[in-house]
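Worksheet: the structure to be examined is printed underneath.
The values are calculated or read from the model by the stated rules, or taken from the named source; none is laboratory data. Not measured: the values here are computed from a predicted model. Virtual Cβ from ideal backbone geometry, glycine too; neighbours counted across all protein chains shown. To get the accessible areas, we keep the full protein, side chains included, count just its heavy atoms, and leave off ligands, DNA and RNA. Shrake-Rupley method; radii C 1.70, N 1.55, O 1.52, S 1.80 Å.
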Amino acid sequence: MGELNIENHARYILSVEKKKNSFESVVMEHLRLNGAYWGLTALDIMGKLDAVDQDEVVSWVMQCQDESGGFGGNIGHDPHVLYTLSAIQVLALFDKIDILDTKKVSNYIAGLQNEDGSFSGDMWGEVDTRFSYIALCSLALLNRLDKINVETAVKYIVSCKNLDGGFGCTPGAESHAGQIFCCVGALAITGALHHVDKDLLGWWLCERQVKSGGLNGRPEKLPDVCYSWWVLSSLIMIDRVHWIDKNKLVQFILDCQDKENGGISDRPDDAVDVFHTYFGVAGLSLLEYPGLKAIDPAYALPVEVVNRIFLLK
């Protein structure tokens, strides 16, 4: 079995931010806050967060905040729950959540809950179970779940459950591993995992493993490193991770590394990016790969960061 080249991956992540005019940087302009979360969390899992200028990052994150309390994907961009969670998570990595006006941020998120319990992503009203997870995760990290109707939020998520045990983005939508993570994660955070048929869902999830060892997001799709997170974390939360071949999955992720220049791609020999680098490293962390910090499957943050938030304060 190959090895995870931590030094090269850390160097790659740090280099991406410096190449402001590269294609990768330009196309990520609108979601740079998500990119910062992916890159910084990967660095933390690999024990390399010290390589970053913390004050510079925190200052930039706070400049992405809108008057509404929500955060945009970059300075001057419209707020959205997607970027608001990333902002909270980045600040959590540096133990800086206390610089937030939590009342303002939580009011912004709470204002996006609809009567049926679902959440819109922003003022334009798109509804998706991703946003339910993001809202619940954000408010839990801020210790402000009391700002919303958790009962109806859970009820809406359960209404998106399908006959195969999986979950979709809205009621009646097909099951997808990404949405399953969002729904199972949200139910885990709210203590409502009893709504999941663990054997049925576990079977659907473990069938996502293909011959190469990688995982796909839906039947008949190609494997992709990012599903090492979406599928694995869900299996861990419902206690069915022993149903897949962990060693083959580890090998698949390691085969997706650019061993010379760093970074991880979606599949072997494809171009690397920060998104897949994070999910590859996070997946290996869930697989207890040596030398990596443990990551929490529900909050998608290092376990030590989550413990700091919930146990020490």
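Some points to look at:
- Subset of segment 124-146 [among the basic types (Lys, Arg) and within 22 Å of Asp78 (Cβ to Cβ)]: Arg130
- Residue check for Gly263: at pLDDT 95 or above and closer than 30 Å to Leu136 by Cβ: no
- Scanning segment 68-80 for residues that are closer than 23 Å to Asn143 by Cβ and either surrounded by fewer than 22 Cβ atoms within 10 Å (Cβ to Cβ) or touching an Asp or Glu at 6+ places or on another chain (Cβ under 9 Å) (or both) returns Ser68, Gly69, Gly70, Pro79, His80.
- For the residues Ser68, Ser106, Ser86, the requirement of being small (Gly, Ala, Ser) and in a loop (DSSP other than H, G, I, E, B) singles out Ser68.
- Failed item, numbered, when Thr41 is tested on (1) modelled with pLDDT of 95 or more; (2) over 28 Å from Leu284 (Cβ atoms): (2)
- Qualifying residue in segment 110-121 (condition: in a helix (DSSP H, G or I) and either open to solvent by 30 Å² or more (accessible area, probe 1.4 Å) or at positive phi (or both)): no
- Output for segment 99-126, where each listed residue is among the aliphatic types (A, V, I, L, M) and touching a helix residue (DSSP H, G or I) at 6+ places or on another chain (Cβ under 9 Å): Ile99, Leu100, Val105, Ile109, Ala110, Leu112
- Verdict on Ile134 being open to solvent by less than 30 Å² (accessible area, probe 1.4 Å) and within 18 Å of Leu301 (Cα to Cα): yes
- If the condition is being farther than 15 Å from Leu249 by Cβ, without any contact (Cβ under 8 Å) to a residue 12 or more places away in the chain and not in a helix (DSSP H, G or I), then segment 274-308 contributes Pro290, Ala294, Asp296.
- Residue in segment 81-99 that is touching an Asp or Glu at 6+ places or on another chain (Cβ under 9 Å) and in contact (Cβ under 8 Å) with a residue 60 or more places away in the chain present: yes
- Lone unmet requirement of (1) closer than 29 Å to Ala87 by Cβ; (2) crowded, with 21+ Cβ neighbours inside 10 Å for Ile309: (2)
- Only one of the numbered conditions (1) more than 21 Å from Lys293 (Cβ to Cβ); (2) surrounded by fewer than 22 Cβ atoms within 10 Å (Cβ to Cβ); (3) touching a residue at least 12 places away in the same chain (Cβ under 8 Å) is not met by Ala51, and that is (1).
- Qualifying residue in segment 83-93 (condition: of a type in the set (A, V, I, L, M, F, W, C) and modelled with pLDDT under 95): no
- Whenever a residue of segment 14-33 is aliphatic (A, V, I, L, M), its partners that are modelled with pLDDT of 75 or more and loosely packed, with under 15 Cβ neighbours inside 10 Å, lying with C-beta atoms within less than 9 angstrom and at least six residues away or across chains, give the pairs Leu14/Ala51.
- Of the helices (runs of 4 or more DSSP H) entirely within segment 150-267, those holding at least 3 residues that are surrounded by fewer than 20 Cβ atoms within 10 Å (Cβ to Cβ) occupy 150-158, 198-206, 246-255.
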